[in-house]
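All remarks here apply to the structure that follows.
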Amino acid sequence: MSSAIELDGVRQVFHVRDRQGRRQQFVALEGLDLSIRAGELFVLVGPSGCGKSTVLDLISGLNRPAAGSIRVGDRVVDQPGLDRGFVFQQYTLLPWRTAQGNVEFALEAAGGLSRRERRERARQYLDLVGLDEFADRYPHELSGGMKQRVAIARSLSYEPEVLLMDEPYGALDAQTRERLQRELLAIWRRTGTTIVFITHDIDEAVFLGQRVGVMSSRPGRIKAVVDIDLDRDHPDQDVRSTPEFARHRHQVWSLLRSDLETVDDPARAEAEEVGRVA
Amino acid sequence: MPDLLLERTAARPNPRQEEAAEVTAAPRLGTGLASLARGLTGIVLLAAIWEIAPRVGLVNDYFVPPLSQVAQAWWDLARSGELLRHLEASVVRSATGFGLALALAIPLGAAVAWYRPVREVLTPPLELFRNTAALALLPVFVLILGIGETSKIAIVTYACFFPVLLNTISGVGNVDPQLLRSARVLGLSPVATFRKVVFPAALPTIFTGIRIAGAAAVLVLIAAEMIGATAGLGYFINYAQNNFLIAPMYAAILTTSALGLAVNYGLVALERRLSRWRA
Ligand SMILES: Nc1ncnc2c1ncn2[C@@H]1O[C@H](COP(=O)(O)OP(=O)(O)O)[C@@H](O)[C@H]1O
Ligand SMILES: [Mg+2]
């Protein structure tokens with residue numbers, strides 16, 4: 001129940017208007033190659049605005065590339081499909097449906113299940129994310145972390161081969177984020193789904209990823225892929241305090257920093273960073 | 001210090017604290033009773049002024065009879081069945097016109113919001129019609145549709161149509177794009193997306209239009225009935241005035257107020273029911 005993902009020479013261009021109102025092309029991705037193995041948890045890290053979300057939108061089929069090809073499993077991606085699930089940063093739950101109803105919403109879209117089967121399946125996946133007791137709560141009655149868990153349950157419920165996650169924990173407080181990271185690893189081990197996880201947080205990348213792809217910006221491309229070799233199975237050990245973790249962290253950090261230094265004027269780069277919407 | 005400032009700036013737990021303690025903040029004890037009492041006072045005061053002012057000669061009691069005489073007239077009209085006949089005529093017309101307007105305006109509003117060519121073609125004529133007062137068109141409706149039920153239902157439909165249309169356009173047009181993305185990711189068809197995501201998300205905004213339309217339905221109908229009809233509250237108010245049946249006239253006016261209140265509160269209650277998820 002997992003697929004490999006193959007991006008080949010992908011280019012993405014947006015139309016923008018400059019200050020004088022002239023239409024221009026903005027090259028967001030250029031010559032981007034990336035192959036993600038079936039069943040792996042791949043993390044894509046990079047400064048905000050480097051094109052991470054653009055990559056994920058292409059894999060999901062929400063957008064089409066200007067050039068290059070994207071394959072998931074043995075299919076070429078040209079539109080969204082139920083072989084891919086998507087978890088957004090903003091918790092996109094239907095506010096008028098309960099947690100249970102939100103998971104059922106995805107199952108209704110997927111089709112092929114009776115009402116009772118949908119209810120049972122929804123329960124099962126809420127259970128997987130530890131929310132079985134909150135099935136009847138509406139989104140506004142749930143905390144941010146709970147909402148994101150419902151979104152994860154919803155995306156997993158129709159058993160996609162690939163789960164795409166765009167900075168899903170970006171808006172959560174540090175403790176909740178750590179708990180959800182551990183849960184995600186457990187879910188990934190249980191389901192075996194290929195996961196592509198986007199973050200701009202180096203710690204998160206190293207903690208979660210089997211491999212971490214580091215992106216550089218303007219135009220966005222994959223700069224390096226780092227293999228992460230950590231023993232995360234020790235329940236009592238704080239893996240983040242181990243020397244191996246620090247080593248990987250430093251490796252990713254150096255790759256990201258050298259990218260920033262290529263920008264001629266750091267002050268201007270920072271100002272642009274602030275002005276951009278992630 | 002104004003009460004609003006005091007109330008809005010008072011200390012209160014944030015949602016997370018409320019969740020942790022499993023309680024919600026309640027207003028100070030007695031505020032509910034006190035405001036109910038003040039609300040009643042307002043009504044009682046109005047009734048008292050209406051009763052006393054004509055009796056002590058503050059206003060001419062021929063043109064403004066005391067409230068008790070109006071109540072007596074209302075009771076007589078109700079018992080004779082005449083009031084019910086006019087009320088029924090008005091309710092049937094406004095309900096029909098209102099329902100027709102919803103049936104037309106919601107699908108059209110959705111189409112305008114969803115399809116750019118529809119929007120570009122329809123926006124200028126709709127703008128023109130929207131800024132034409134419904135009652136200004138009454139003569140035209142009468143000319144084309146005659147003096148019977150059709151013209152009155154048509155003018156109610158016209159008056160209800162625009163608030164619902166405009167709110168549907170803005171409700172459907174402003175659905176959280178993120179919700180639409182999650183529907184597309186699930187491969188939902190446009191029809192299913194509309195039914196399961198767009199319509200429920202737009203409903204609170206559409207309902208604002210429905211409430212305005214509900215008020216307009218009664219308002220415009222009464223006016224239309226005054227101009228040309230043989231039954232209905234508007235007709236009766238006009239008829240009573242022409243025949244110097246002053247107390248019955250006020251009784252009919254009060255009945256239209258009650259009808260307006262009932263429509264408004266009915267729609268508010270319906271909206272509450274439909275949006276219980278907001279709690
Ligand atoms: N629809 C769009 N139109 C114009 N520019 C866009 C659009 N989407 C993204 N961009 C630009 O492309 C770059 C990459 O965006 P994005 O993939 O969202 O970055 P990230 O997710 O890494 O923060 C940014 O500079 C952004 O401003
Ligand atoms: Mg992004």
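The values are calculated or read from the model by the stated rules, or taken from the named source; none is laboratory data. Note that this is a predicted model, so its numbers are computed, not measured. When we count neighbours, we look across all protein chains shown, and the Cβ atoms used for this are built from the backbone with ideal geometry, even at glycine. The accessibility values were calculated without ligands, DNA or RNA, using every heavy atom of the protein model including side chains. Shrake-Rupley method; radii C 1.70, N 1.55, O 1.52, S 1.80 Å.
One table, with the values for the structure above:
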item	result
Dipole moment magnitude, nearest 20 debye, the range A:1-107 about Cα centre, only Lys, Arg, Asp, Glu C-beta charged	500 debye
Neighbour cut-off at most 15 other Cβ (10 Å), DSSP loop, chymotrypsin sites (Phe, Trp or Tyr not before Pro), the range B:243-279	B:F244
Lysines with Cα under 21 Å of B:K196, excluding same-chain neighbours fewer than 8 positions away	A:K147
Surface per residue (accessible, 1.4 Å probe) for chain B, Å²	59 Å²
Fluctuation leader among A:I187, A:I59, A:I202 - chain A, Gaussian network, Cα springs under 10 angstrom	A:I187
Residues in the range B:173-219 occluded by at least 20 Å² - accessible area, probe radius 1.4 Å, against chain by itself	B:Q178, B:L179, B:R181, B:S182, B:R184, B:V185, B:L186, B:L188, B:K196, B:V197, B:P200
Computed accessible area, A:R121, all protein chains, 1.4 angstrom probe, square angstrom	60 Å²
For the range A:91-106, residues shielded by at least 20 square angstrom of accessible area compared with the chain on its own, probe 1.4 Å	A:T92, A:L94, A:P95, A:W96, A:F105
Positive-end residue, chain A charge dipole about Cα centroid, Cβ charges, pick of A:F134, A:V212, A:T92	A:T92
Solvent-accessible area, 1.4 Å probe, carbon plus sulfur percent, for the range B:67-278	68 percent
Lys, Arg +1 and Asp, Glu -1 on Cβ, resulting dipole of chain B about Cα centre, debye, nearest 20	900 debye
Share of carbon and sulfur in the accessible heavy-atom surface of the range A:129-205 [1.4 Å probe, %]	41 percent
Partner chain coverage, peptide A:162-173 - average Cβ within 10 angstrom	0
Spatially proximal lysines relative to B:K152 (Cα-Cα < 24 Å; intrachain offsets below 8 disregarded)	none
Overall dimensions of the range A:110-238 as given by Cα atoms, namely Rg and Dmax in Å	16.3, 50
Positive-pole candidate from B:S189, B:I237, B:T205, dipole of the range B:147-279, charges at beta carbon	B:S189
Solvent-accessible area of B:Y239 with every protein chain in place, 1.4 Å probe, in Å² to the nearest 10	90 Å²
Helical contribution to [θ] at 222 nm, DSSP H n ≥ 4, -39,500 (n - 2.57), averaged over chain A, rounded to 500	-11500 deg cm²/dmol
Cα-based Rg / Dmax (Å) for the range B:67-278	20.4, 69
Per-residue HN-Hα couplings for the range A:243-257 [Karplus 6.51, -1.76, 1.60; θ = phi - 60°; Hz; x = Gly/Pro]	x, 5, 4, 4, 5, 4, 4, 5, 4, 5, 4, 4, 4, 5, 5
Helix axis angle, A:174-191 relative to chain A longest principal axis, alpha carbon, degrees	70 degrees
For A:T193, net neighbour charge (Lys/Arg +1, Asp/Glu -1) across residues whose Cβ lies under 12 Å away	-1
Normalised convex hull volume, the range A:33-104, alpha-carbon set, Å³ per residue	139 Å³
Calculated P(r) of the protein assembly as shown - Cα pairs past 35 Å, %	56 percent
Probe 1.4 Å, all protein chains present, accessible-area order of A:D83, A:D173, largest first	A:D173, A:D83
Whole-number Å³ per residue for the convex hull built on Cα positions in the range A:91-159	71 Å³
Buried area at the B-A interface (accessible, heavy atoms, 1.4 Å probe, summed, Å²)	2000 Å²
Neighbour net charge for A:V239 - beta-carbon separation under 12 angstrom, K R +1, D E -1	-4
Calculated [θ] (222 nm, deg cm²/dmol) that DSSP helices of n ≥ 4 give over chain B, each run adding -39,500 (n - 2.57)	-25500 deg cm²/dmol
Label point distance in nm, A:W253-B:A223, each placed 7 Å from Cα along Cα→Cβ	7.2 nm
Square roots of 5 times each gyration tensor eigenvalue, C-alpha, chain A, largest first, Å	31, 23, 19
For the protein assembly as shown, with +1 on Lys and Arg beta carbons and -1 on Asp and Glu, the positive-most of B:P177, B:W114, B:L67 along the dipole	B:L67
Dipole magnitude of the protein assembly as shown, debye to nearest 20 (Cβ charges: Lys/Arg +1, Asp/Glu -1, about Cα centre)	1160 debye
